[in-house]
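Rule-based calculations on the coordinates, nothing more; no lab input. Note that the coordinates shown come from a computational prediction; the quantities given were computed from them, not determined experimentally. As a convention, Cβ positions derive from the backbone with ideal geometry for all residues, glycine included, and neighbour counts pool all protein chains shown.
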Amino acid sequence: MRRWSPDRGQTEPLVALVAVFAVAVGLATYAGTLSSALPEAERNHARDVLPEVEAAATTNGVVDPATLRSALAAGPDGRSLAVTLSTAGERWHAGPEAPPDAETAATTLSVRVAPGAVRPGRLQVAVWR
């Protein structure tokens, strides 16, 4: 018996590409439907917005407390945002005071406390409706 013969079935390249495209569209549709079906309450908006706030407040890897207020623009639409920056002995705050039930997230970074003086600090964001 020969291993190859013209009688064996083969798939046309165009048909294979259409099938791959159909599977990709199906997976993308499924993923989109699944993400929109998840309840809003399970998301931590503070954790989602923290990298954006950090990027808005940071210059060359260091946060200057004077630019903290500009980071408020990174807040999510329809929600309130408060940003707090603290080091050993000093604290800066921008935005309204957060209620006790606000979602919070924090990260450690470098803070410029004076020209040429950088200290470790903590950036915390609070998000609420």
Once a ≥ b ≥ c are taken as the square roots of the eigenvalues of the Cα gyration tensor of region 30-83, is the result rounded (a/c under 1.5), prolate (a/b larger than b/c) or oblate (a/b not larger than b/c)?
prolate
Percent relative contact order for region 37-113, counting Cα pairs under 8 Å at least six residues apart, stands at 35
With springs only between Cα atoms under 10 Å, which of VAL118, VAL53, VAL83 fluctuates most in a Gaussian network model of the chain?
VAL118
So if I place +1 on the C-beta of Lys and Arg and -1 on the C-beta of Asp and Glu, and nothing else carries charge, what would the dipole magnitude of the chain be about its Cα centre? I want it in debye, nearest 20.
420
Between ARG47 and ASN60, what is the label-point separation in nm under the 7 Å Cα-to-beta-carbon projection?
3.4
Residue with peak Gaussian network fluctuation, the chain [Cα springs, cutoff 10 Å], from SER110, SER35, SER70:
SER35
Compactness summary of the chain: radius of gyration and Dmax from Cα atoms, Å, are 25.4, 86
Percentage relative contact order, the chain, counting C-alpha pairs under 8 Å, at least six apart:
23
